[in-house]
Amino acid sequence: MVELGDGINVALNLQVRALGLAVERAGLAGVQEAVPTYRSLAIYYDPLRIGRGALKENIDALLCSTLDQVGHRSRVVEIPTVYGGICGPDLEFVARHTGLSEDEVIRLHTEPLYHVYMLGFTGGFPYLGGLSERLSIPRLHTPRLKVPAGSVGIAGTQTGVYPVESPGGWRIIGRTSLCLFDPSRQIPTPILPGDKVRFLQIPQQASQETATAARH
Amino acid sequence: MTMDALEVVKPGLLTTVQDLGRIGCQKYGVPSSGAMDQTALRAANLLVGNEEGAAGLEATGEGPALRALADSVVAIVGPDMEPLIEGRPVECGAATEIRSGQLLELGRVRRGLRAYLAVGGGIDVPLMLGSRSTCLPAAFGGFHGRALRGGDILAVGAAATRPAGIKGRRLPRGWLGPLGEALTLRVTLGPQDDRFTPEGIRTFLTGTYRLMPEMDRMGVRLQGPPILHRSGADVISDSIPLGAVQVPADGQPIILLADRQTTGGYAKIAVVLKEDVYRLAQTTPGQVVHFRQMSVEEAQAGLWRYEARFQALQQAWQGEGEHPNYILQHKNRSYRVGVEGGEGTYRVSVQKQADRKREGGEET
């Protein structure tokens, strides 16, 4: 585990990502995978193939060469989202709890360009940074047993999208028909760590058309 | 080349297709999955002449009933589910031939939890993200992303070794190790042992913990003396390795297993050695667990010893399946000819088929 700092900020997270890419590119024998998270990179290796000391030396060398050149172009991924109604059963509660109108909640949620800190949980859940503090809200007391795939939720100061149907305690304010996890693809997620994400409000009807189009 | 080989007559409690797991996709938030007891799966595969990492079936608690749709060779390794072929008991930990049309039934386990069935050629399901393992939390991989059901038809790949060459292979007595009541899990401290008080670490390493009923492929909960944090249980979410011992605010440890989520925000006091994670897969609620600290160097030395056990099996069975064999007929006698290749140099060994005594010498 390589910890590059202790905090949640975009600059630190981009350093983690740069080191992750450098480790992959170096293709060191015995290194199985590198998992970037907010502030640290977990490197899994086979000690039968590479010693801990040798691995550390290699990583130290990569650290020196990568951390000062984080030059990185983020892609922007747009997430078409239907807010409220059956797609976002908690929108009304979020509005009441924050003292905002539903439209204001939607406006505040669609405004920022969110930073993708990491993917985790199960099957490509994006951990997004940049939620308006005015939308901060506690989790559900009792998590739902089934949250549909594509559900857009907020909890605490975070927002994210459930890529697959799963249990979950986040407040669900909308849903997207964008497929966020397709294990039949070599890269199973359209969003990658370091990308930027923007939510776009679309009407109910359009979402169904998109879903139909995606199926054909 | 694949062919239908097994029909699921009864699925058992929870039977899934598993190999050694999905490597390289945790960065996409994809769990590694794979067999909970990889020691047993690898041994089962070697018994039937497969690569160690071929896909097999993981049966949990109560095994499935399967009808063979083709002649094949199978091996069942792990706790005894009292398997039967056409009502006749089958030896566990041995290569066994099964004929097309015969019924293989696995029963309920008395001790332990998970048994592994390997079939010559390996279970053939599509490779998803580099693995044939079932990922239950994200519902993909394995057989349509789910546990087996009655009526499912499983295909196998082409067998590397013909059944005749491996008949009679069996695991040496005691090779798997005992299924004890009390289990000592070896751990290396970290990555966040600095989040605990010295007293908390002492508690962890000396306390007696009991396995709770909440246990599945994602993890097991334990109950025992609470482990004290320095200041809160939460860390900034990071990667969770297999066997990580995370400690939430209540001080009761949770050990994370094959289908664990890839990231989490509870402080991890230690990581259990892989070999012991696989032993943990055979425990049941109520069993007692202790933790013993090891240095990283000791843990890695343990891994070398662990791997040597598999090398010993492979060496013992080499020549029966690892290298191509040819059968020569000469003057009404048949000979098995093995060839080991090199750069322009070949080692040829000849064995008389009947008594397997080496007849000819080596030629270069």
Lone qualifier among A:112, A:188 - being surrounded by fewer than 22 Cβ atoms within 10 Å (Cβ to Cβ), at pLDDT 95 or above and within 15 Å of the chain's Cα centre (by Cα): A:112
Whichever residue in the stretch B:281-303 is under 20 Å from residue B:193 (Cβ atoms) and surrounded by 21 or more Cβ atoms within 10 Å (Cβ to Cβ) and, among such residues, is farthest from the other protein chains (Cβ to nearest Cβ): B:289
All positions within the stretch A:11-22 that are within 11 Å of chain B (Cβ to nearest Cβ) and hydrophobic (A, V, I, L, M, F, W, C): A:12, A:16, A:21
Tabulated pairs, the stretch A:159-174, first in contact (Cβ under 8 Å) with a residue 40 or more places away in the chain and over 24 Å from residue A:111 (Cβ atoms), second among the aromatic types (Phe, Trp, Tyr) and assigned to a loop (DSSP other than H, G, I, E, B), C-beta under 9 angstrom, 6+ apart or interchain: A:164/A:181; A:166/A:121
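Hey, can you tell me all the residues within the stretch A:33-60 that are closer than 23 Å to residue B:265 by Cα and within 10 Å of chain B (Cβ to nearest Cβ)? Please lay out each step first, then the result.
Filtering the stretch A:33-60 for residues closer than 23 Å to residue B:265 by Cα gives A:33-45.
The answer is A:33, A:34, A:35, A:36, A:37, A:38, A:39, A:40, A:41, A:42, A:43, A:44.
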Qualifying residues in the stretch B:286-304 (those that are at pLDDT 95 or above and among the charged types (D, E, K, R)) - the one farthest from residue A:51 (Cα to Cα): B:292
Hits in the stretch B:1-52 - residues which are within 14 Å of chain A (Cβ to nearest Cβ) and among the aliphatic types (A, V, I, L, M): B:20, B:23, B:30
Failed condition for residue B:253, given (1) more than 29 Å from residue A:39 (Cα to Cα); (2) out of contact with any Asp or Glu (no Cβ under 9 Å at 6 or more places or on another chain): (1)
Every residue from the stretch A:161-173 that is within 13 Å of another protein chain (Cβ to nearest Cβ), assigned to a strand (DSSP E or B) and buried (at least 24 other Cβ atoms within 10 Å of the Cβ): A:161
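The values are calculated or read from the model by the stated rules, or taken from the named source; none is laboratory data. Bear in mind the structure is a predicted one, so any value in this text is a computation, not a measurement. Here the Cβ is made from the backbone with ideal geometry for all residues, glycine too, and neighbour counts use every protein chain on show.
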